[in-house]
């Protein structure tokens with residue numbers, strides 16, 4: 001029988017960072033939350049028009065799909081995974097997104113798919129916080145990490161919609 005899920009606190013995250021089990025670059029202590037770490041917008045892509053924004057403010061039309069890449073590159077060791085959560089600030093503005101897990105052993109920037117579900121245009125300033133990573137301690141180290149199991153998006157940089 002497995003024990004309860006252990007979500008890392010800010011103190012735990014600092015400890016995991018110190019021992020190299022979590023790496024975040026660039027790291028900003030101000031982005032550490034009581035139980036996670038906020039990641040920021042580096043690039044926004046609107047696939048339908050192939051418009052990419054890397055400076056200033058990305059303008060997303062109403063009811064439009066878009067993708068966000070993080071400025072931060074994240075590397076997780078064998079003892080930790082990460083859950084991705086949309087910051088509620090964006091949900092309140094009509095952003096709808098479905099996130100998953102960051103597997104143990106993943107390394108790279110993160111790409112999020114989202115939808116402007118509002119009837120109003122959405123402005124996404126480059127550099128703003130977009131999502132939070134909630135880190136979860138694994139009960140035992142993974143026997144095969146992400147790069148060995150699939151590794152499809154290992155080392156990705158910028159918005160990455162698909163890799164063969």
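The values are calculated or read from the model by the stated rules, or taken from the named source; none is laboratory data. The shown structure was predicted, so the numbers you read here are calculated from the model rather than taken from an experiment. Quick reminder, even Gly has a Cβ in these numbers, built from the backbone with ideal geometry, and neighbours come from all protein chains shown.
Residue-by-condition table, conditions (1) in a loop (DSSP other than H, G, I, E, B); (2) closer than 13 Å to residue 112 by Cα; (3) touching a residue at least 24 places away in the same chain (Cβ under 8 Å):
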| position | (1), (2), (3) |
| --- | --- |
| 37 | no, no, yes |
| 49 | yes, no, no |
| 58 | no, no, yes |
| 67 | no, yes, yes |
| 78 | yes, no, yes |
| 83 | no, yes, yes |
**Report entry** Count of the stretch 85-96 residues which are more than 12 Å from the chain's Cα centre (by Cα), surrounded by fewer than 16 Cβ atoms within 10 Å (Cβ to Cβ) and assigned to a strand (DSSP E or B)
**Finding:** 1
Query raised in the report: (1) assigned to a loop (DSSP other than H, G, I, E, B); (2) within 18 Å of residue 26 (Cβ to Cβ); (3) touching a strand residue (DSSP E or B) at 6+ places or on another chain (Cβ under 9 Å); (4) at pLDDT 95 or above: which one isn't true of residue 62, the others all being true?
Result: (2)
**Report entry** Meets criteria (surrounded by 15 or more Cβ atoms within 10 Å (Cβ to Cβ) and closer than 29 Å to residue 123 by Cα) for residue 56
**Finding:** no
Query raised in the report: Going by the structure shown, is residue 44 in contact with a helix residue (DSSP H, G or I) (Cβ under 8 Å, 6 or more places away or on another chain), buried (at least 17 other Cβ atoms within 10 Å of the Cβ) and not in a helix (DSSP H, G or I)?
Result: no
**Report entry** In the stretch 1-31, the residues that are crowded, with 18+ Cβ neighbours inside 10 Å and in a strand (DSSP E or B)
**Finding:** 22, 24
